[in-house]
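The values are calculated or read from the model by the stated rules, or taken from the named source; none is laboratory data. Bear in mind the structure is a predicted one, so any value in this text is a computation, not a measurement. Cβ placement follows ideal geometry from the backbone for every residue including glycine, while neighbour counts extend to all protein chains displayed. These area figures cover heavy atoms from the full protein model, side chains too; ligands, DNA and RNA do not enter into them. Shrake-Rupley method; radii C 1.70, N 1.55, O 1.52, S 1.80 Å.
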Amino acid sequence: MRYLPLSGDDRRDMLAKIGVASVDELFRDVPSAAREARFDLPLHAGEMEVERIMGRLSRQSIPAGEKPFFCGAGAYRHHVPASVDHLIQRSEFLTSYTPYQPEIAQGTLQVLFEFQTQVALLTGMEVANASLYDGSTATAEGVLMAGRVTKRDRVLLSGSLHPHYAETVRTVAELGGTVVTAAVKPGQVEDLASLIDDKTSCVVVQNPDVFGFVRDLRPIAEAAHAKGALLIAVVTEAVSFGLIEAPGAMGADIVAAEGQSLGNGLNFGGPYVGLFATREKFLRQMPGRLAGETLDADGRRGFVLTLSTREQHIRREKATSNICTNSGLCALAFTIHTSLLGEIGLTRLARINHMRATQLAERLTRIPGVELVTPSFFNEFTLKLPRPAVEITHELAAKGIIAGVRASRLYLHEKSVANHLIVAATETNTDEDIAAYGAALQEVL
Amino acid sequence: MLNNQGRPTTPGAASVSSAPPTLSGDRGLNHEEPLLFEVGRAEVTGVDLPDVTLKADRLGGLARKRPIGLVGLSEPETMRHYVRLSQRNASIDAMFYPLGSCTMKHNARLNEKMARLPGFSDAHPLAPQSTVQGALAVLSQTATWLKTLTGMPAVALSPKAGAHGELCGILAIRAAIRARGENRTRILVPESAHGTNPATAALCGFTVEDVRANAEGRVDVEALKAKLGPDVAGVMLTNPNTCGLFERDIIEIADAVHAAGGYFYCDGANFNAIVGRVRPGDLGIDAMHINLHKTFSTPHGGGGPGAGPVVFSERLAKFAPLPLLVQDAKGFRLIEDEEEAKALGYSPFGRMCAFHGQMGMFVRALTYMYSHGRDGLRQVADDAVLNANYILASLKDVMSAPFEGPCMHEALFDDAFLKDSGVTTLDIAKALIDEGYHPMTVYFPLVVHGAMLIEPTETESKETLDRFIAVMRGLARDAKAGDIERFQSAPRLAPRRRLDETAAARKPVLRWRAPDNAAEAAE
Amino acid sequence: MSEVRYTDQHEWIRIADGIGTVGISKYAAEQLGDVVYVELPAPGRKLNSGGEAAVVESVKAASEVYAPAAGEVTENNPALEGEPATVNADPEGAGWFFRLKLSAPGDLTKLMTKDQYTEFLKGL
C-alpha cells in the first residue's frame, strides 16, 4: 500500500520492542464480539484504477463551464486566477493545521490577519473573525450571537433571505427561542419594521436578497435599533461588495456572508467560507477564531490566535459557540484572490458582473410575457415567466442552456413564486451565452 | 467544568537572542515578510479585467460611495508574498507533526487531483439534478463506504466539521426524545472529552454533567450509571478516548444508557484507530460523527475546511436532517422538502447548512477509501496503533505515562517526569520546535497534568519514529539534568521566538489599520 | 484590620461596615496565569450566596467567580477593566472585583479563615 511506509521487518521489530506477539494483542481492549468485523468493500487500488473510477463519476455531471450557465442563488461561478489554486496547494498551507504553535505557524496566522482586515474593509465593519464554515452557518451563528448580546430570543427573518439559510437558522434558533419569517414578496420592500417588537433580538436581511433585489438596509437598521434589536446583514455574493454600499455603512450590527465567490469554485456546495464581521463593542460575543498581532521575545512583530477564552476548548459548555475548525484553506483562497484583485480589480469585476446581468435582463425582458421582478439588482435578478419555471428550465436544459435556479426549488410550498426564475450572470458569461439564452427562451415560450 | 488551569503566556525574561544581525533583516532563506497592506497599493491589480463604464446602473441608488480601502498586488508580487508566508509554516509534508487528537497523516495528492475534476469542482449545488448525477453519485458512494465501515444504517453528510457533526447528532437525539413525548434535560460527558462536546450539548439546551475518569484513564462506569435516570437524554463519549485508550466497557455503557431510555453519542474523532477493524455499530452507538480530515486524510488546510458526516443507528435514522438522497429509476435525487420526507416515513429535525455539505471533502475521502480498500484501511488502523505503541514503549522509561498500555493510535504522557526540574510541558514543546519537529498536543486532555499527547499516525516510517524517540529521550535527559535556560528560551531557531499572548489578549489588535487612522483611533 | 474569609472556590471576602469586598485568592490568580480580562457584575445586581458573580480570564483559562455571600452589588472595581494585570499584581488588595451589601452576614461563618484556607491549599 503506497501510503504506508512500514515494512514487514519493521512491524516485527516494533512488536518485539513493545513486547507483544501480534498487532491483534494491541486491540485487546476492544470487546471480542466487535474485534474482527468483515466489510463488503473492494480491496485497495492503484492510482490509475482510482482515477478511472472517479473520472467515470465526474463525467456523469455536466460541468457548469461547458454550457451557457446562469445559476446563482447562493453559489456563483467566477473565474479564479491560476495562481490562487497553485498557492493554496503549497504543502505548508495545505498540510498544516490550526496554528496552535504560533512560532512555526506565522504563515497561516498572518494570512488570517490579512483576511480579517479584508473582510472588515469589505463589509464596512470594525472587526472580523478568521472565518466560519459558510454563509448559512455564519448567519445562524450571528443569530445566536444577537441573542447573547440583547438577551432576547425572538428572531425576525426577511422573507427573501435564502430559504436554506432560513432553515439553517431555524434549526438552531428555535432550540431556545422563536423565529418569525416575513411573507415572501419578490422584488418588493418588505414591511419588516411592523414585525419588530421589544422581544426581538435581531432582524436578518439579505442584500442583494435571494431574488437578487438590492435593498437599502438603512430604514430596517433604524427600525431595529429603535426597538433595541440588532440588524444582521447577509450577503451571499461577495463580489457585490465591490459595487454596493457596505452593510456596515447602512447600519448593520453583524454581517454574515458567503465568501465562495472570491477564490473558491462551485464544488457542488462546499467547502465554502463564511465571513463574519461585527462592531468592536460586541467582540467578546463573537464566535470563531481570531488572529491578533503581538511581539515575540526578541521584540519582533508576530501573530497569535487570541481571545480564545470565548471558545469551546477553554470555556466548554459556556463557550460562545461549539465551533472548532474554521475554513482555513478557503479563507486563504479568498485572501489571495482579493489581494490579486485589489481595490481596482474588485471594482472592475463587480462592474463587469453588473453589466452582464443588465445586458441579460434587457435581452430576456424583450421577450413577450417575460417580466423583470427585481427593479434593482447586482449580478442576479428574478424573472416572472408565463408558465411554471420548472417546465421552462427543463426545456431550456434540453437545449443546452442552464437557465437559472427556479424559485420553487427553494420555496417548496410557495405557489406565488412557481413562475419565478432566479438568473445570475457573471464575468464568465459571454455575449454568445446571452444571445443563446435569449434565442432559446424565445423559442420555448 | 471550565478549564481554569492557565500557563505562562508571556515570554520569560530569560530570552537569549540568537539572531545575528543582517542589513536586510532577512536571514538566508528565512525572509521577513510585511503585511499585504504594507506591500500592496491601491492602484495595483494582478488580474487583467476591462474597465467597463456603466452607462446607467440598476443598483437602486445603492452604489458604493467611498473606496473600500483594499490594496492589490501584481501576480509576481502575490506569488512572492504568499510563498514567503507559506515558508513560515510547519507542515506534515515537511516534518513529523505528531499533534495528538488531530491525526496529521499524509495527504495524498491524488485526492487533490480528483477533487478538481470538473464534474465535481464545477458543479453548481442548485443545477438541475439531471445534470449533476456524477456529483450525486459521489454523495451516494461516500455514504455507502461510511455506512459499511461503521456498520450503521444511515448517514447525514451535510455537517461541515466535527463540531457541526456533534450538533447534528445531538439534534437528532433531541428530536427522537421529543417524538417519544419526553423531556429529558441532561447529557453526561466524561471530563476527558473534547471541549466541543459540552459546548454542543449546551447549545442544544441540555445541562451538561461531567463524569469522572477512573484510575485507568477510562470512564468510571459505576459513576456513569449512578448518574443515569429518566431525565438523561444521552451520553457523549469519545472512543478511542482522548487519552488514546479504548473504552473497554463500551458495550456495558451503551446497554446501561439504552436501558435508562437515553441515546449513545460517540465522538468519532479517533475513528482512525479502529477503521477497517471495528464497526461502531457493533458497540451500541446511536450516532457518531466522522472527521473526514482525520480518518480519511482530507487536508487540514491550516485549520479547515473539515467535514463531519454523522452515522446513525436505526433508532435515530429517521431524524436525520435534510437533504436526503434517494435513488430511483431516473437516477439520484435529493429530497429537500420536509413534507416529502415525512411522506416517506422520515422526520428530519431541520437543516445543518445551505446545500449538501462539503462535496470537495467527500471526493477526497472517497478517493482515499478507494485507494486503500478494505484491506488497506485495516492496515491503516494496525499501523497507526503499532506506531503509537512503539513510541509509548520506547519513551515510557524516561518520560511518564499516566496509564497502562496498550494505547490505541496515540500515546499520552504527563509531566511527572519533569517534577522539580523547572522545565514544563510547554518548554518541551518549544524545544521540539528547535529540533525540527512540530510539537505534540500539549495540556490536553485536561484530566492529566501537563499532558503531552503524541499521535504519530500510520504514514510515518520506523526511521522517522526512531529519530524522534532519540530526540525525546535527549530532551527528557537534558530537562532532568537541569538545563533550564535552554528550554525556557526555546524556540530560538524558528521564524519567531515565543510570542506575547498576554499582550495580544489584553489589548487586541485584530486587523491592520492605515497609520493615520490608527493615530485617530488612539486619540 | 477587618476580617477576611475564603471559599473553597478561592474567593476571598473582607467585611467592613456590613459591606463585603470580594476578590480571588493569590492561589487562584497564580493558577490562572496572566489575567487578561475580567467581567464584573453591575452595581445593583442581587447575588445569591454561591451564585455566579464574575468571570476572570487568562489567555488559556477562564474561571467563574462566585459570590461568597448573598447581597446586592454596590460597586465594582473600575481599575480592572483597563489593567486586568492588577489581579496578578495584588490579588487580595488592589485587585478586588466588587463590593457587596450583605443581606445575611451570618453566611460568613461557614467560610474559612485565613489559617483554615492555608491548610485547605496544602491538601490540594
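Skipping prolines and chain starts, which residues have an amide H placed within reach, meaning under 5 Å, of the one on B:Ser313, given they are 5 or more residues away or on another chain?
B:Ala287
Normalised by the number of residues in chain B, what is the relative contact order in percent for Cα pairs under 8 Å and 6+ residues apart?
Values: 898 pairs, mean separation 100.2, N = 523.
Relative contact order of chain B: 19 percent.
Within 10 Å of each Cβ of B:31-41, how many other protein chain Cβ atoms are there on average?
What the average comes to for B:31-41 is 4.
Can you tell me what share of the DSSP beta bridges in the protein assembly as shown is antiparallel? A percent to the nearest 5 is fine.
70
Roughly what would the spin-label model give for B:Leu54 and A:Met48, points 7 Å off Cα along C-beta, in nm?
The modelled label-to-label distance comes out at 5.4 nm.
Checking a compactness column here: for region B:246-329, what do you get for Rg(Cα) / (2.2 N^0.38 Å), N being the number of residues?
That ratio works out to 1.25.
What ranking, highest mean first, results for peptides A:55-65, B:426-436 when packing means the other Cβ atoms within 10 Å averaged over each residue?
Top of the packing list down: B:426-436, A:55-65.
In nm², what is the average projected area of the convex hull enclosing the Cα atoms of chain A? Provide the component values of the computation, followed by the final result.
Values: hull surface 110.1 nm².
Average projection, Cα convex hull of chain A: 27.5 nm².
For an R0 of 25 angstrom, estimate the FRET efficiency from the Cβ-Cβ distance between A:Ala33 and B:Thr185 and round to the nearest 0.05.
Given R0 = 25 Å and the Cβ-Cβ separation, E is 0.15.
If we count every other residue with Cβ under 11 angstrom of A:Val155's Cβ, Lys/Arg +1 and Asp/Glu -1, where does the sum land?
Working: positive: A:Arg152, A:Arg154, A:Arg170, A:Lys199; negative: A:Asp153, A:Glu174.
Neighbour charge sum, excluding A:Val155 itself: +2.
Considering every residue in A:5-12, what mean count of other chain Cβ atoms within 10 Å of its Cβ is obtained?
5
Kyte-Doolittle cut-off 0.0, length cut-off 18 Å along the helix's own axis using Cα: show which whole DSSP H helices in chain B pass. Kindly include the intermediate steps, with their values, before the conclusion.
Details: long enough: B:133-150 (25 Å, 0.50); B:162-179 (25 Å, 0.87); B:359-395 (41 Å, 0.23); B:462-480 (27 Å, -0.34).
Going by DSSP H runs, the hits are B:133-150, B:162-179, B:359-395.
What's the magnitude of the charge dipole for chain A around its Cα centre, counting Lys and Arg as +1 and Asp and Glu as -1 at the beta-carbon? Answer in Debye, nearest 20. Walk me through the intermediate numbers first.
Working: 44 positive and 51 negative charges, 133 e Å.
Dipole magnitude for chain A comes out near 640 debye.
Separation of region A:121-160 and region B:411-457 by C-alpha centroid, Å?
Each part's Cα centre sits 38 Å from the other's.
Checking the a/c ratio against 1.5 first, then a/b against b/c, what shape does the Cα gyration tensor give for region A:82-336?
Note, shape of region A:82-336 comes out prolate.
222 nm [θ] for the protein assembly as shown, helices only, -39500 (n - 2.57) per DSSP H run of 4+, per residue, to 500?
Counting only the DSSP helices, I get -10000 deg cm²/dmol.
Let me know the shape class of chain B, please: from the alpha-carbon gyration tensor, a ≥ b ≥ c as square roots of the eigenvalues, rounded when a/c is under 1.5, otherwise prolate if a/b is greater than b/c, or oblate. Provide the component values of the computation, followed by the final result.
Values: a/c = 1.67, a/b = 1.07, b/c = 1.56.
Because a/c hits 1.5 or more and a/b fails to exceed b/c, chain B counts as oblate.
Can you tell me the order of A:256-262, A:370-376, A:222-228 when each peptide is scored by its average per-residue count of other Cβ atoms within 10 angstrom, highest first?
Highest mean packing first, the order is A:256-262, A:370-376, A:222-228.
For the pairs A:Lys185/A:Lys384; A:Lys151/B:Lys160; C:Lys46/C:Lys110; B:Lys147/B:Lys318, note any where the Cα-Cα span goes beyond 22 Å.
Correct reply: A:Lys151/B:Lys160.
Measure nothing fancy, just the Cα-based angle from helix A:389-398's long axis to the longest principal axis of chain A, in degrees from 0 to 90, nearest 10.
Compared with the principal axis, the helix lies near 70 degrees.
Using a Förster distance of 22 angstrom, determine the FRET efficiency expected from the C-beta separation of B:Arg116 and B:Glu75, and round it to 0.05. Walk me through the numbers on the way to the answer.
Working: r = 20 Å, r/R0 = 0.93.
Efficiency at R0 = 22 Å is approximately 0.60.
Can you tally the net charge around B:Glu32? Count Lys and Arg as +1, Asp and Glu as -1, for every other residue whose Cβ sits under 13 Å from the Cβ of B:Glu32.
Within the 13 Å Cβ shell, the charges total +2.
Please label the shape of region A:131-235 as rounded, prolate or oblate, based on the square roots a ≥ b ≥ c of the eigenvalues of the alpha-carbon gyration tensor (a/c under 1.5 means rounded; beyond that, a/b larger than b/c means prolate, else oblate).
Numbers: a/c = 1.56, a/b = 1.10, b/c = 1.41.
Note, shape of region A:131-235 comes out oblate.
Count, for each residue of B:392-402, the Cβ atoms from other chains sitting within 10 Å of its Cβ, then give me the mean as a whole number.
Mean partner shielding for this stretch: 1.
Please compute the contact order of region B:111-366 in relative form: average sequence separation of alpha-carbon pairs under 8 Å and at least six residues apart, divided by the residue count, as a percent.
28
Hey, in the GNM for chain A with a 10 angstrom Cα cutoff, which one of A:Asp298, A:Asp433, A:Asp13 fluctuates hardest?
Of A:Asp298, A:Asp433, A:Asp13, the Gaussian network model singles out A:Asp13 as fluctuating most.
For B:Ala269, what is the net charge nearby, where nearby means another residue's Cβ is under 14 Å from its Cβ and Lys, Arg count +1, Asp, Glu -1?
So the environment of B:Ala269 carries a net charge of -3.
Just for the Cα atoms in the protein assembly as shown, what are the lengths along the principal axes, largest first, rounded to whole Å?
Ordered largest first, the protein assembly as shown gives principal extents of 91, 74, 73 Å.
Evaluate the relative contact order of region B:427-523 (contact order divided by residue number), counting alpha-carbon pairs under 8 angstrom at least 6 apart; express in whole percent. Intermediate values should be presented prior to the final figure.
Details: 57 pairs, mean separation 28.3, N = 97.
With pairs under 8 Å counted, the relative contact order is 29 percent.
Under the Karplus relation 6.51 cos²θ - 1.76 cosθ + 1.60, θ = phi - 60°, what is the ordered set of whole-Hz ³J(HN,Hα) values for region C:8-16, x standing for Gly and Pro?
6, 9, 6, 8, 10, 9, 10, 9, 8
Quickly rank A:95-105, B:321-331 as a protection proxy: mean count of other C-beta atoms within 10 Å, highest first.
The densest-packed peptide leads the list: A:95-105, B:321-331.
Got a number for carbon plus sulfur as a percent of region B:111-366's accessible area, 1.4 Å probe?
Percent of accessible area from carbon and sulfur atoms in region B:111-366: 49.
If you roll a 1.4 Å probe over the heavy atoms of the protein chains, what accessible area per residue do you get for the protein assembly as shown, in Å²?
Here the residues of the protein assembly as shown average 34 Å² of exposed surface.
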